Amino acid sequence: MSGIGAACLFVGLLCAAYAAISGVYGGLSGRRQFVVSARRAFYCLAALLIGATAILQAAFLRSDFGYRLVAEGSSTDTPTFYKVTAMWATQEGSLLLWALLLSIFSSAVLFLTRDSLRAITPYATAVLAVVAGFFLLLTVVWVSPFDQLVQPPVEGSGLNPLLRHPAMMIHPPMLYTGYVGFAIPFAFAVGALVTRSVGADWIRATRRFALIAWTFLAAGIMLGALWSYTELGWGGYWAWDPVENASLMPWLTGTAFLHSIMVQEKRGMLKAWNVSLICMTFILSLMGTFLVRSGILESIHAFGASTIGTQFLIFIAIVVLGSVALVVWRLPDLRSTARLDSLLSREAFFLLNNLVLLALALVIFWGTFFPLISEAVTGTEASVGPPWFERLVTPLALVLVALTAVGPMVAWRRVTPAGLRKVLVIPVAVAAVTAGALLLGSDAGSSLTAVAMFCLVAFVLAVVTQELWRGASARRVMTGEAWPRALSSLIGRNRRRYGGYAAHAGLAVLMLGVAGSSAFAEQQDLRLAVGDSFRSGGWEITYDRPIARVGDDRAGTGAPISFGAQLTARRGDEFRTLRPSRNYYPAAGMEEGAIGRYFEGEATSEVDVRWGLGGDLWTAVRPDISSLRGSIEEADRKFAESDGDVRGLIITAIAEQYRRSPPPASFRAISSPLVSWIWIGGGILVLGALLAAWPAPQARMRRARSLYRARLGRDLTGA
Amino acid sequence: MEYALAVIVFVALVALVVLRPLVAGNQDQAATQARRADLEAAKESKYREIRDAELDLGMGKLSRADHRAIDSELRAEAIEILRELDGLDGLSAEAAAGRDHARRAHGDESAG
């Protein structure tokens, strides 16, 4: 079957090449049938890549180690769920996933625009085909997912233990969907520039794709943070790591794009800005994909060095140069048709919000690539750490959250200072009361930055609540509906607006968690013997007993051995049992001995998190198994040739030895206030974005069309 | 062998699907259809802007005078779109809008 899979990729590459040529020729010649043919080539490409993915997935599921990829990324004892998702843990598989998602997204947008945007679609098709072609070229020529081994091993290496986490398995497709999704508005922007059709048509056709891409990217970033928090064993969710930053940068520029396109749609302004933003977002998406695997920057998330770095850099350089040249070439066509009516207008605040988002992206870009920049300039690699990022990002984040609050209160075109004062009264009062309560009624004053963020969060939530209240009141006046009905109608009929506000509320809630956990977390690193106690965040925590499990991995990751600790935590009447542990995965070779390899392979932290709205109690343990080394070496000498059952018994006996006489273990305990609100806020943000992207029912749209057209008719007939 | 055979079969299947529009020739009989779709999208967008301005007025974000100015500008833009849209059908904007007005007056809310 590997031959068929490879054939799918090769013919897919031919489809992409044909779609690019046919699209451009159709656009230049005006012969529509070539554009239709190019679109059909994309449908075929999607079908072929679905076939290729299905063949590869089947190989993973049946542990067919004839496939190099399966031998390197899976094993017979890898749980089925992780076998299914192991494909994108590999470089080749993730490239195939990229191409697959792009072909599906492209087919969808080309189908939806088959009867519109006649000038733009031929070139957009060509751009999408070139991008898909690049990824397919990589998989056909340099890193084929269907490479076969001449002598397949009996057992595979298994999936990287760090990746055996549910969030990590969903995280890559989410991120890639985000990255790929931004290719759609990018391609249409290029088409618009080529054909000088730089009005809002291309934006209207692709806005929903950009929003879906943004939503998936947000969900992917959140899942990555959750994985970091619960799997990496350091206790944080964001380390300003290059790979984390690489996903955040396109999200920030994508956020700016989603706001500024509204200005172009409504006012015909910011055309050059919008095409530049989407080009930037797509380029950053490509860089995000590249950074995960390139190994050019040290990262806790980078898995294996890439062999396709040069090809990626050449492609990114072509996209950068091409985008810049195209925008500069079309600058005369990109002049705004309107001017800013007032600085007190929504478009002015959107512009400000764009500048802040871009500043954030630039700061993060500089900090992320500083090691490369410093090496190029000084010859020595230096990097900036989290404090550098926090010093620059925190004030910008405060301004951003403030703008998140003010933006929705201001009308398009202009608002009078008196009008703005009127809508500001209640939210400002809420923020002031919050500040007073925090400073006078708690010890939050130790971090004024956190207090400022809490006040701004209260400000945003008050604004969103006020907007809902005032909107529902206005609707009640217009229609006489009861409150619940008025509120649901208001949201249902203005999904884009209120979905956006929900996303703002989600961001505010998320920042509440970030501020609380960053400023007030208590971390302790201790070495404890059984019976020892310590205090963390008001909890009295005692190391009760050691845990040693063989073949009983409760997280379902397939780890054969797990050592840990049972702790009891008491705070007043509250009582919790905590069981942090560390999973041990066997080393691939036999160099460490038949028994020793089970203890000397990779190990991962299985942290215990007691989630709570007020705060989490997070614990991790690093057992000291050096005392077992003597027994392990002796077992290796005596039972080197033993079969699996005997080895199992010996490993169980060694585990029992740890349970009977455990040496002191190292613990990390973190009491992290409000951290759960990060995930809750992220969820609200994603739901809000989905609400904004959800299309209005056709019947309702027809009624609205009829109503407005009739009103315009009255204008005309009365004139 | 498996690879070569699969490539031949896939190329043949793809060619059947992809080349069909070329063999069938240019059957694009609705050149105005695309323009209509673009104008329909622009119209929806303009209606949404009118609705947004109304909501802003109702919520007190816009003064009555500002709303009047913005609304008349938006309506003028919407009428331009309607004119072009109806021009595609050979109708005048006034006739088309008047037709809709008449339909609404007779309670036909789903027209348009």
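Is it fair to say A:ALA99 is part of a helix (DSSP H, G or I) and under 18 Å from A:PHE134 (Cα atoms)?
Details: part of a helix (DSSP H, G or I): yes; under 18 Å from A:PHE134 (Cα atoms): yes.
Considered against the rule, which asks whether it is part of a helix (DSSP H, G or I) and under 18 Å from A:PHE134 (Cα atoms), A:ALA99 comes out as yes.
Can you give me the number of residues within the range A:511-533 that are closer than 15 Å to A:GLY681 by Cβ and surrounded by fewer than 18 Cβ atoms within 10 Å (Cβ to Cβ)?
To start, the set of residues in the range A:511-533 that are closer than 15 Å to A:GLY681 by Cβ comprises A:511-518.
From what is left, the residues that are surrounded by fewer than 18 Cβ atoms within 10 Å (Cβ to Cβ) are none.
Total satisfying the criteria: 0.
Answer yes if at least one residue in the range A:232-245 is farther than 19 Å from A:LEU360 by Cβ, within 14 Å of chain B (Cβ to nearest Cβ) and at pLDDT below 90, and no otherwise.
Within the range A:232-245 (the criterion being farther than 19 Å from A:LEU360 by Cβ, within 14 Å of chain B (Cβ to nearest Cβ) and at pLDDT below 90), the answer is no, since none of the residues qualifies.
Please determine, by comparing only the residues of the range A:393-427 that are of a type in the set (Ser, Thr, Tyr) and over 23 Å from B:ARG64 (Cβ atoms), which one is nearest to the other protein chains (Cβ to nearest Cβ).
The first filter runs over the range A:393-427 and keeps only residues of a type in the set (Ser, Thr, Tyr), leaving A:394, A:404, A:416.
If we keep only those that are over 23 Å from B:ARG64 (Cβ atoms) as well, we get A:394, A:404.
On the way: A:THR394: 31, A:THR404: 17 Å.
Ranking the candidates gives A:THR404 first.
So which of A:GLY12, A:GLY51, A:GLY27 is away from chain B (no Cβ under 12 Å), part of a helix (DSSP H, G or I) and of a type in the set (Gly, Ala, Ser)?
Result of the check over A:GLY12, A:GLY51, A:GLY27: A:GLY27.
Looking at the range A:463-510, which of its residues are surrounded by fewer than 20 Cβ atoms within 10 Å (Cβ to Cβ) and more than 14 Å from chain B (Cβ to nearest Cβ)?
Those that are surrounded by fewer than 20 Cβ atoms within 10 Å (Cβ to Cβ) and more than 14 Å from chain B (Cβ to nearest Cβ): A:ALA482, A:TRP483, A:PRO484, A:ARG485, A:SER488.
Which of the following residues is within 32 Å of the chain's Cα centre (by Cα) and more than 22 Å from A:MET168 (Cβ to Cβ): A:SER605, A:SER581, A:SER562, A:SER536?
Numbers: A:SER605 fails: more than 22 Å from A:MET168 (Cβ to Cβ); A:SER581 fails: more than 22 Å from A:MET168 (Cβ to Cβ); A:SER562 fails: more than 22 Å from A:MET168 (Cβ to Cβ).
When all the criteria are applied, what remains is A:SER536.
Check the range A:606-614 and report whether any residue there is more than 27 Å from A:VAL514 (Cα to Cα), assigned by TED's automatic domain parsing to the domain that holds A:PRO560 and of a type in the set (Val, Ile, Thr).
So the first thing to find is which residues in the range A:606-614 are more than 27 Å from A:VAL514 (Cα to Cα), and the list is none.
Looking through the range A:606-614, none of the residues is more than 27 Å from A:VAL514 (Cα to Cα), assigned by TED's automatic domain parsing to the domain that holds A:PRO560 and of a type in the set (Val, Ile, Thr).
If you check A:LEU331, A:LEU360, which single one turns out to be assigned by TED's automatic domain parsing to the domain that holds A:LEU193 and surrounded by 14 or more Cβ atoms within 10 Å (Cβ to Cβ)?
Numbers: A:LEU331 fails: surrounded by 14 or more Cβ atoms within 10 Å (Cβ to Cβ).
On inspection, the qualifying residue turns out to be A:LEU360.
The values are calculated or read from the model by the stated rules, or taken from the named source; none is laboratory data. Fair warning: this is a prediction, and the values are worked out from it, not measured in the lab. Every residue, glycine among them, receives a Cβ derived from its backbone with ideal geometry; neighbour counts consider all protein chains shown.
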